[in-house]
Amino acid sequence: MAGLVRPKPHYDLVILGGGHAGLQAGLKAGLLHQSAIILDRGPKFSRSYYAPAMDNIPGFPDGISGHRLLDLQLAQVRKVAAWTDYVAPVAVGEVRREGEEFSVTFERLRTRQTVRGRALLLALGVVDRMPEVGGKIDPIFPWANFGIVDFCMICDGHTLPGKTVAVL
């Protein structure tokens, strides 16, 4: 896995997305000796990459930053590199069903490539929508930069009791 991975033409599993779910799927495939490829836009596109603290991850009682967790997960995926390839950054262009398998065309380093797989897993994640104030998102930036804007009540709601909050 070190260096530039040269994708094979065929895999048991093609995974689109290299966030937590995609990395976990690639790890499990490798542990089960199933060939897999993780096609990732890059870690900076993962929502949790920017999370300063995640308190809902088992094994980290004091929380962990999203960036650090992704680093640890990728390091673990690298341990099954004989089975799982991680390729980033890529831009996926087309996904097609061809008979009993899937064909995925992507671009990396200005080169178009295609891989095929018996199974396809979509681990595309989510994107936060910035709230608009007066039709623009700019007014929220100063508050976000101070770290006092929470986008996910499920992730951060437990930190808010006793605080004054506004909901947009």
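In segment 81-98 there is no residue matching the filter, namely being surrounded by 13 or more Cβ atoms within 10 Å (Cβ to Cβ) and either without any contact (Cβ under 8 Å) to a residue 12 or more places away in the chain or on the phi > 0 side of the Ramachandran plot (or both). With respect to the conditions (1) at pLDDT below 90; (2) out of contact with any strand residue (DSSP E or B) (no Cβ under 7 Å at 6 or more places or on another chain), His33 lacks only one, and its number is (1). Leu121 meets each of the listed conditions (1) part of a strand (DSSP E or B); (2) modelled with pLDDT under 90 apart from (2). The single condition among (1) over 14 Å from the mean Cα position of the chain (by Cα); (2) closer than 18 Å to Ala21 by Cβ; (3) in a loop (DSSP other than H, G, I, E, B); (4) touching a residue at least 60 places away in the same chain (Cβ under 8 Å) that Val127 does not satisfy is (1). Of everything in segment 37-62 that is within 13 Å of Gly19 (Cα to Cα) and aromatic (Phe, Trp, Tyr), the residue that is modelled with the highest pLDDT is Tyr49. Restricted to segment 65-79, and to residues there that are buried (at least 19 other Cβ atoms within 10 Å of the Cβ) and among the aliphatic types (A, V, I, L, M), the residue that is nearest to Ala25 (Cα to Cα) is Val77.
None of Val90, Val127 is at pLDDT below 95 and out of contact with any Ser or Thr (no Cβ under 8 Å at 6 or more places or on another chain) except Val127. Within segment 27-51, the residues that satisfy the criterion of being under 12 Å from Ala88 (Cβ atoms) and within 13 Å of the chain's Cα centre (by Cα) are Ile38, Leu39, Asp40, Arg41, Gly42, Pro43, Lys44, Phe45, Ser46.
Looking only at residues that are part of a helix (DSSP H, G or I) and surrounded by fewer than 10 Cβ atoms within 10 Å (Cβ to Cβ) in segment 142-158, which one is modelled with the lowest pLDDT? Only one residue tops the list, namely Asn145. Among residues of segment 1-22 being of a type in the set (A, V, I, L, M, F, W, C) and in contact (Cβ under 8 Å) with a residue 60 or more places away in the chain, the one that is surrounded by the fewest Cβ atoms within 10 Å (Cβ to Cβ) is Ala2.
The values are calculated or read from the model by the stated rules, or taken from the named source; none is laboratory data. What you see is a predicted model, and the numbers here were worked out from it, not measured in a lab. All Cβ positions, even for glycine, are placed from backbone atoms using ideal geometry, and neighbour counts span all protein chains on display.
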